[in-house]
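Student: Submitted below is the structure of interest, expressed as structure tokens.
The values are calculated or read from the model by the stated rules, or taken from the named source; none is laboratory data. Note that the structure is predicted; figures quoted are calculated from it, not measured. Virtual Cβ from ideal backbone geometry, glycine too; neighbours counted across all protein chains shown. Please note that ligands, DNA and RNA were not included when accessible areas were found on the heavy atoms of the full protein model with its side chains. Shrake-Rupley method; radii C 1.70, N 1.55, O 1.52, S 1.80 Å.
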Amino acid sequence: MVYNRFTMKQTKTILHCDLNNFYASVEQKLHPEYDGLPLAVCGNPEVRHGIVLAKNQLAKQAGVQTGEAIWISKKKCPGIVFVAPHYNEYVKYSKIVYSIYTSFTDRVESFGIDECWLDVTGSLKLFNMTGEELANKIRETVKQKTGLTISVGVSFTKTLAKLGSDMKKPDAVTVLSPTDYMSKIGNMSPSEMIMIGRRTAQKLENLNINTIYDLANADRALLRSHFGVVGENLIKAARGEGDDVVAKYYEHSKPKSVSNGTTTPKDITTLDDATVVIYALTELVAVRLRNHGLLANGVGIYLKNNQFDGISKQIALKKPTSNASKIAETAVEVLKQIYNFNQPLRAITVAAIRLTEETDSQISFFDDGSDEKEEKLEKSIDKIRDKYGYQTIKRGVVMKNNLTGNLHEEDDFRPFHQSKTT
């Protein structure tokens, strides 16, 4: 039996598996001619996605960073090769890797397309291995079947397993056991932990809490007075306390919200242009809602101007819906309330919020049936698009100009290419 040094409770064995330089690694498999060269995956400069989305190890060693402009990367690394993203290939490889994970345990919780947690507590006896041995077995299997490498953290909570996978890259296993983990991470900054951002780390530093060891031994009353209940959770995370549950891979929970956003190819300077973008985004939001059998009870809109200032607002709907027109009309009304276009916009996100099951919705006695007809029409359009492609049918308002770019093309990668669910 293994016990947590703070609580003396029996612990789980949790892995965090992270595909190394995932997008860049897949691109190198697609382009073997670039083997041995620094490589970065970049969006299209012509539609203002001219930034580094991912880089390989050689580019990373040269100082290339995710999110920086292409010209900066060229200056740091003159011999760097830039390639366009192929999102479908990333999805394909991700599915292969996840199928490997699920062959070892059914408790596989995604944390994105390239990383996840595995609870292998029940698998250790089945495979007659320790957590470290099983992690290495998974790592070697992924490499053998895909040619990709992963870094794995082995620990007893999700937070510490994630921290472990970040400590040694690429192609490595790091063990943070209940008996010795503090000796390995105690001197690290609290900001290295997944739940602690820069602002929280700064507040902790102001309280003279500079290391994970300091946080684990901090006064609970002090942290509660500054952070509320979050302060208690920070201490628990550093101490490895809590009963982390890794969700089962095949038990897909319903999303709490569905959103879609884009950075436009050119600045949005008028309400008419913003309306075009909103309708295009809402089409995808509505499709996702219907796929989940969900209705929105509210709409949120999130804006970013060309000075990178953000503004947002949410509003309740009079009745729940998955109708794209209703959601878009509401989003446009919200936009009118919060933005006057003194500064051009560069990015818009539309979100369906406060979601409920479609079967939970009640029809009002005063409904004239028009909403139901629109819902049936949109579901029919969904079927046509599923069979013949998304571009088969377009709204007239979306066809007015090129502000939406290739928003609906399946091979166009951007951070918000797919509708986000939270």
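Student: Just the Cα atoms of the stretch 63-194: what Rg and Dmax do they give in Å?
Tutor: Values for the stretch 63-194 (Cα only, Rg and Dmax): 17.0, 52 Å.
Student: Quick one: plug the Kirkwood hydrodynamic radius of the stretch 145-242 (C-alpha pairs) into Stokes-Einstein at 20 °C, 1.002 mPa s, and report D in µm²/s.
Tutor: Numbers: Rh = 13.9 Å.
It diffuses with D of about 154 µm²/s by this estimate.
Student: Rounded to whole Å and sorted largest first, list the principal axis extents of the Cα atoms in the stretch 253-319.
Tutor: Over the stretch 253-319, Cα extents along the principal axes are 36, 23, 20 Å.
Student: Tally Lys/Arg at +1 and Asp/Glu at -1 over every other residue whose Cβ is under 14 Å from the Cβ of residue 237; what's the total?
Tutor: Net local charge, residue 237 excluded: -1.
Student: What does the charge dipole of the stretch 25-98 about its Cα centre add up to, to the nearest 20 debye, if the Cβ of each Lys and Arg holds +1 and the Cβ of each Asp and Glu holds -1?
Tutor: 200
Student: Mind grabbing the accessible area of residue 33 for me, 1.4 Å probe, Å², rounded to tens?
Tutor: Accessible surface of residue 33 is approximately 110 Å².
Student: Under a 1.4 angstrom probe, counting protein chains only, how are 107, 290 ranked by accessible area, largest first?
Tutor: Putting 107, 290 in descending order of accessible area: 107, 290.
Student: Heads up, I need the accessible area for residue 143: 1.4 angstrom probe, whole protein in place, Å², nearest 10.
Tutor: So the heavy atoms of residue 143 present about 70 Å² to solvent.
Student: So how exposed is residue 339, as accessible area in Å² (1.4 Å probe, rounded to 10)?
Tutor: 40
Student: Ordering 227, 127 by accessible area with a probe of 1.4 Å, largest first, what comes out?
Tutor: Per-residue accessible area, sorted high to low, gives 127, 227.
Student: In Å, what Rg and Dmax follow from the Cα atoms of the stretch 208-290?
Tutor: Cα radius of gyration and Dmax of the stretch 208-290 are 22.0, 56 Å respectively.
Student: Related question: Would you rank 82, 341 by solvent-accessible area, highest first, keeping every protein chain in place and using a 1.4 Å probe? The partial results should precede the final answer.
Tutor: Details: 82 60, 341 40 Å².
Highest to lowest solvent-accessible surface, that is 82, 341.
Student: What's the center-to-center distance, using Cα atoms, between the stretch 40-103 and the stretch 138-155 in Å?
Tutor: The two parts, judged by their Cα centres, are 20 Å apart.
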